[in-house]
Amino acid sequence: MERCQWAGSNEKMQYYHDTVWGVPEYDDQRLFRKLVLDMNQAGLSWQTILNKMTNFDLAYEQFDIEKVAQFDTAKVEALMQDAGIIRNRRKIEAAINNAQKIIEMQTAGLSFADYLWGFTDHQVIDNKISTAKDVPTKTALSDQIAKDLKKRGFKFVGSTTIYAFLQAVGIVNDHEQDCFRYAELTKK
């Protein structure tokens, strides 16, 4: 069975590739979870994040947006002592801030999912990737979304992080065309 080149390294990467990566996501809480995980990956390997996934879920209250938005200084300090996650104060504070910004959007009547998918008219962007070397690290779309998120007050949302996020949540399909998941995800 052919997979994207990056997914062949071990069972956790294969499972993530085969079941999560690139599957269109429309749930605000799951989108928030993935955003925080991608923010934490910045400067690290995805394998590091996969290895800490269960710890992240526990530390961030299953990524309940309302709960994370209310994390206080004591919770930030506790997270800074948690070796099971990435102990980066800027990333922790960005997760809290971004939860608050999502709540602001929701309060104004806009779900995070509708906001994100609105950039593509609710369509998956299929980049028809042939080989791993064809995968960009950012695009005009990720530039646009990153800029808009920053304007809305989001933090730690640079274009490269946002592009990885868009790939992961299926807004962009960057599975290689000979990958079995590409065929499954592009069936009409």
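Kindly evaluate residue 62 against the criterion of being in a helix (DSSP H, G or I) and more than 30 Å from residue 175 (Cα to Cα). Against the criterion (in a helix (DSSP H, G or I) and more than 30 Å from residue 175 (Cα to Cα)), residue 62 does not qualify. Being open to solvent by 20 Å² or more (accessible area, probe 1.4 Å) and in a helix (DSSP H, G or I) is a property that residue 67 has. Could you list all residues from the stretch 70-89 that are of a type in the set (D, E, K, R) and either part of a helix (DSSP H, G or I) or surrounded by 12 or more Cβ atoms within 10 Å (Cβ to Cβ) (or both)? Matches in the stretch 70-89: 75, 77, 82, 87, 89. Taken residue by residue, the stretch 49-58 has no member that is touching a Phe, Trp or Tyr at 6+ places or on another chain (Cβ under 9 Å), open to solvent by 10 Å² or more (accessible area, probe 1.4 Å), over 20 Å from residue 20 (Cβ atoms) and not polar (S, T, N, Q).
In the stretch 108-139, the residue that is least open to solvent (accessible area, probe 1.4 Å) out of those that are β-branched (Val, Ile, Thr) and assigned to a loop (DSSP other than H, G, I, E, B) is 120. For the stretch 29-53, a residue qualifies if it is part of a loop (DSSP other than H, G, I, E, B) and of a type outside the set (Ser, Thr, Tyr), and the qualifying residues are 42, 43, 44, 52. The residues listed here are 162, 145, 103, 92; of these, the one that is surrounded by fewer than 20 Cβ atoms within 10 Å (Cβ to Cβ), in a helix (DSSP H, G or I) and hydrophobic (A, V, I, L, M, F, W, C) is 103.
Yes or no: the stretch 171-184 includes at least one residue that is touching a residue at least 40 places away in the same chain (Cβ under 8 Å), closer than 26 Å to residue 90 by Cα, open to solvent by less than 20 Å² (accessible area, probe 1.4 Å) and not in a loop (DSSP other than H, G, I, E, B). No, that holds for no residue.
Of all the numbered requirements in (1) under 24 Å from residue 80 (Cβ atoms); (2) among the aliphatic types (A, V, I, L, M); (3) modelled with pLDDT of 95 or more; (4) open to solvent by 20 Å² or more (accessible area, probe 1.4 Å), residue 37 misses one, and that requirement is (4). Which of the residues belonging to the stretch 148-159 are more than 28 Å from residue 3 (Cβ to Cβ), open to solvent by 10 Å² or more (accessible area, probe 1.4 Å) and either among the hydroxyl-bearing types (Ser, Thr, Tyr) or in a helix (DSSP H, G or I) (or both)? 148, 150, 151 - these are the residues of the stretch 148-159 that are more than 28 Å from residue 3 (Cβ to Cβ), open to solvent by 10 Å² or more (accessible area, probe 1.4 Å) and either among the hydroxyl-bearing types (Ser, Thr, Tyr) or in a helix (DSSP H, G or I) (or both). Evaluate the following for residue 123: is it more than 27 Å from residue 51 (Cα to Cα) and over 18 Å from the mean Cα position of the chain (by Cα)? Taking the combined requirement at face value, the residue does not satisfy it. Within the stretch 28-39, residues that are farther than 12 Å from residue 102 by Cα sit with their Cβ atoms under 6 Å from residues that are modelled with pLDDT of 95 or more and not in a helix (DSSP H, G or I), at 6+ positions apart or across chains, in these pairs: 34/169; 39/156.
Taking the criterion of being assigned to a helix (DSSP H, G or I) and open to solvent by 70 Å² or more (accessible area, probe 1.4 Å), the residues of the stretch 1-28 that qualify are 5, 6, 11, 12, 15.
The values are calculated or read from the model by the stated rules, or taken from the named source; none is laboratory data. These figures come from a predicted structure and were not determined experimentally. Cβ: placed from backbone, ideal geometry, glycine included. Neighbour counts: every protein chain shown. Heads up: the accessible areas ignore ligands, DNA and RNA and are worked out on the full protein's heavy atoms, side chains in. Shrake-Rupley method; radii C 1.70, N 1.55, O 1.52, S 1.80 Å.
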